[in-house]
Amino acid sequence: MRLTVVIVNYRSAQLALDCLDSLAQERHAMPGLDVTVVENDSPDDSFDVLADAVRERGWSQWVAVEKSPRNGGFSYGVNIAVRRGLATDEQPDGFLLLNPDTYVREGAVRALVDELRGDDSVGIVGSRLEDPDGTVQHSRFRFPSICNEFDDGLRLGVVHRLLGDRVICPPHSDEAHDIDWVAGASMLIRREVFERVGLFDDGFFLYFEELDYARRARALGVRVRYAPLSRVVHLVGQSTGVTSRDGRPRRTPRYWFDSRKRYYKKHHSTLYKLFADAAFVFGRSAHHLLRVLRRRPDRGPPRYLWDFVRHNWLPRRAPSSP
């Protein structure tokens, strides 16, 4: 199977090189694997570092470093690589989107390919993401709904258990299975899916783009699978800083809220989004009240509830005049 791995880099050159080093080991079992690294117009010397390292390590035969004309976000970078692959005489059979802050365990890529080969109706396959010590991360999800938005805000065990498999992050499973969508940190997409569904929506700067893509694919009958035998280490937040496994994350940036609004606008009515927003705000408010009563620290992003209300419900202030 001819496979093109797509890595979109932004100020993470060393992480991307570590990822490439792990892929170099996989090529022994998969000689049809090549990589396109899209350097997304980083303000540092990432492009030169990547290009020099690829040449010095003898990877030029299977790794190409493309320089993006601007930092258009993750989807924008992915689309550069996918267009490049689709324009070649020997088109790849699939595209594996891989974050620069990941590295693959032995056999991880083969496990994804095997899952894709097993059934032609499967078009998207996601890996089991994990910490370096093997602790499993959430990497497969249900589509957002009013109920699970409330649960996500409240974070109360009894409500979470009542929703069962309908929660945003279902309980972990060691069996391969169909799911609504998988994390874009390690996501294999069949070439024919790009031909049917189209490219990623580069109106999403960062976040929600893989959710949007899976929803568009599912609407056309494409199955999405989770393949736990494909184990990929994800150094959470190393490339963006928005999320963190070791401490409290930084304040959530505006583009996260903008991406969420874009997703709801594309796939739901205005009224549905209003109810989903209200469910989350009500749940998160109750969560903070319970947290204060129990004297527990706030481990979420700083001022997250206020930012959520401000970006979703309050009018955006016009930029001030120079």
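The values are calculated or read from the model by the stated rules, or taken from the named source; none is laboratory data. Just so it is clear, the structure is predicted and the values come from calculations on it, not from any experiment. Note that each Cβ is placed from the backbone with ideal geometry, even for glycine, and that neighbours are counted across all protein chains shown. Heavy atoms of the whole protein, side chains included, go into the accessibility calculation; ligands, DNA and RNA do not. Shrake-Rupley method; radii C 1.70, N 1.55, O 1.52, S 1.80 Å.
Given the DSSP H assignment, sum -39500 (n - 2.57) over each helix run of at least 4 residues in the chain and divide by its residue total; what's the result at 222 nm in deg cm²/dmol, nearest 500? List each step's numbers first, then the result.
On the way: 11 runs with 130 residues, N = 322.
That calculation yields -12500 deg cm²/dmol at 222 nm.
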Spin-label model distance (nm) - ASP41 vs GLN91, 7 Å beyond Cα toward Cβ: 2.8 nm
Run the numbers for VAL158 and ASP52: contour at 0.36 nm per residue of separation, minus the present Cα-Cα distance, in nm. 32.8 nm
Compute the length gained on full extension between HIS267 and LYS67: take 0.36 nm times their separation in residues and subtract their Cα-Cα distance, giving the result in nm to one decimal. 68.8 nm
Length-normalised contact order of segment 132-173, Cα under 8 Å, at least 6 apart, in percent, tallies to 49 percent
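So for segment 1-91, averaging the separation of alpha carbon pairs under 8 Å that are six or more residues apart and normalising by length, what relative contact order in percent results? Present the calculation step by step, with values, prior to reporting the outcome.
Working: 116 pairs, mean separation 31.4, N = 91.
It rounds to 35 percent for segment 1-91.
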Distance in nm between pseudo-label sites at TYR255 and ALA219 (7 Å out along the Cβ direction from Cα): 2.4 nm
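Could you give the DSSP H helices of the chain that reach 30 angstrom or more along their long axis (alpha carbon positions) and whose average Kyte-Doolittle hydropathy is no lower than -1.0? It would help to have the intermediate numbers written out before the result.
Numbers: long enough: 270-293 (35 Å, 0.71).
Flagged H segments are 270-293.
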For Cα pairs less than 8 Å apart in space and 6+ apart in sequence, what is the mean separation divided by the residue count of the chain, i.e. the relative contact order in percent? 21 percent
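Quick check on segment 111-216: what are the equivalent-ellipsoid semi-axes from the Cα gyration tensor, as sqrt(5λ), descending, whole Å?
Details: eigenvalues 124, 64, 35 Å².
Square roots of five times the eigenvalues give 25, 18, 13 Å.
In terms of the Cα gyration tensor, with a ≥ b ≥ c the square roots of its eigenvalues, is segment 154-276 rounded because a/c is under 1.5, prolate because a/b exceeds b/c, or oblate? Walk me through the numbers on the way to the answer.
On the way: a/c = 1.19, a/b = 1.08, b/c = 1.10.
Since a/c stays below 1.5, the shape of segment 154-276 is classed as rounded.
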Just to verify a number: what accessible area does CYS19 come out at with the full protein assembly present, 1.4 Å probe, Å² rounded to tens? 0 Å²
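Using a 1.4 angstrom probe with every protein chain in place, what is the largest-first accessible-area order of LYS265, LYS67?
Details: LYS265 170, LYS67 110 Å².
From most accessible down to least: LYS265, LYS67.
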Enter the Cα centre distance for the pair segment 65-100 and segment 253-316, rounded to the nearest angstrom. 32 Å
Long-range amide H contacts for VAL8: which residues qualify at under 5 Å (H placed 1.01 Å from N, peptide plane, sequence gap of 5 or more or a different chain)? VAL38, LEU98
